[in-house]
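Let me begin by presenting the structure, written as structure tokens, before commenting on it.
The values are calculated or read from the model by the stated rules, or taken from the named source; none is laboratory data. The structure presented is a predicted model; accordingly, all values stated were derived computationally and were not measured. Every residue, glycine as well, gets a Cβ built from its backbone with ideal geometry; the counts of neighbours run over all protein chains shown.
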Amino acid sequence: MRSSEPATLAAARAAASYPLVPYSNRVGHRRFRWHGHDFSTAPNFDDNPHSVHGVGWMRPWQVVSASSAEAELRYVHTPDAHWPFAFESRQRVELSDSERTGDTLTLRLAVTNTDTRSQPVGLGWHPYFPKRSHSQLHAQVSGRWEPDASGLAERRVPQDGIVGEVAQLAYDHCFDGWQGVARLRDERLSLELTSSFSRLVVYTPAEKSYWCVEPVSHVSNAVQMAEPTSHGLVDLARGATHEGWMRLKVTAP
């Protein structure tokens with residue numbers, strides 16, 4: 001994964017990865033309607049006209065426990081301008097290393113609705129990977145969401161998988177019908193990314209030294225679609241919990 005020296009790690013966007021909670025990608029034009037009530041969210045990503053990636057990536061998390069091989073983090077959200085519902089989220093980080101399994105990082109993320117109302121919830125991660133001359137991606141998907149001019153998912157088109165060198169890919173898209181396994185390979189390492197989620201956001205900016213493969217639970221901007229829950233968003237009842245996991249296993253190429 002991408003590495004940043006501690007002195008340059010002033011914000012989450014320079015990190016190797018960060019959690020997406022309580023939604024992935026975008027809330028279109030920073031507003032949505034839920035169970036007959038209108039809500040808004042605050043700007044949080046440069047001059048983007050939409051709110052982006054939830055709130056968990058912007059806030060400090062409390063260390064619940066930590067050792068050399070695992071850690072558990074906790075974030076408690078009080079309703080504010082960025083998200084109008086209360087929730088608690090926990091992230092667990094686990095490292096393992098053996099000759100049989102290779103070097104493995106497992107991330108587990110859960111969100112519990114502590115509000116008095118049900119709320120729309122989605123989860124995911126935003127990992128960054130270094131772009132090398134032979135970086136490649138292979139993932140089985142069935143559809144790609146084409147964005148409008150502002151970057152919002154607008155229409156779904158069929159796509160039978162993602163296969164190719166990253167330098168030749170031009171994606172900033174959400175894919176669905178993912179089978180839960182993505183393979184990333186370059187001249188130095190081979191990485192298998194697996195997840196309990198069924199959607200991927202793939203970002204391959206030509207001008208950057210990184211690229212992103214993000215396992216997520218819902219289609220980008222699902223909260224504004226006609227049937228949000230059919231696109232992976234969860235209508236999370238008071239006291240209920242939504243959770244998922246991502247695993248990265250690294251081996252020699």
Are any of the residues in region 92-111 more than 18 Å from the chain's Cα centre (by Cα), of a type outside the set (D, E, K, R) and farther than 23 Å from Ser195 by Cα?
-> no
Considering region 73-103, residues that are among the hydroxyl-bearing types (Ser, Thr, Tyr) and modelled with pLDDT of 95 or more, and then whichever is farthest from Arg238 (Cα to Cα), we arrive at Tyr75
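With the structure loaded, tell me whether Ser135 is in contact with a helix residue (DSSP H, G or I) (Cβ under 6 Å, 6 or more places away or on another chain), among the polar types (S, T, N, Q) and within 22 Å of Ala252 (Cα to Cα) or whether it fails that test.
Details: in contact with a helix residue (DSSP H, G or I) (Cβ under 6 Å, 6 or more places away or on another chain): yes; among the polar types (S, T, N, Q): yes; within 22 Å of Ala252 (Cα to Cα): yes.
Yes; evaluated as a whole, the condition is true for this residue.
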Just one of Ser190, Ser196, Ser217 is farther than 22 Å from Thr112 by Cβ and among the small types (Gly, Ala, Ser); which is it?
-> Ser190
Only one of these conditions is not met by Met246: (1) touching a Leu at 6+ places or on another chain (Cβ under 8 Å); (2) among the aliphatic types (A, V, I, L, M); (3) loosely packed, with under 15 Cβ neighbours inside 10 Å. Which number is it?
-> (3)
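State yes or no: is Lys249 within 20 Å of Pro147 (Cβ to Cβ) and either touching a residue at least 40 places away in the same chain (Cβ under 8 Å) or of a type in the set (Gly, Ala, Ser) (or both)? Spell out how you get there, then give the answer.
Values: within 20 Å of Pro147 (Cβ to Cβ): no; either touching a residue at least 40 places away in the same chain (Cβ under 8 Å) or of a type in the set (Gly, Ala, Ser) (or both): yes.
Considered against the rule, which asks whether it is within 20 Å of Pro147 (Cβ to Cβ) and either touching a residue at least 40 places away in the same chain (Cβ under 8 Å) or of a type in the set (Gly, Ala, Ser) (or both), Lys249 comes out as no.
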Of the numbered conditions (1) within 29 Å of His37 (Cα to Cα); (2) part of a loop (DSSP other than H, G, I, E, B); (3) in contact with an Asp or Glu (Cβ under 9 Å, 6 or more places away or on another chain), Ala149 fails exactly one; give the number of that condition.
-> (3)
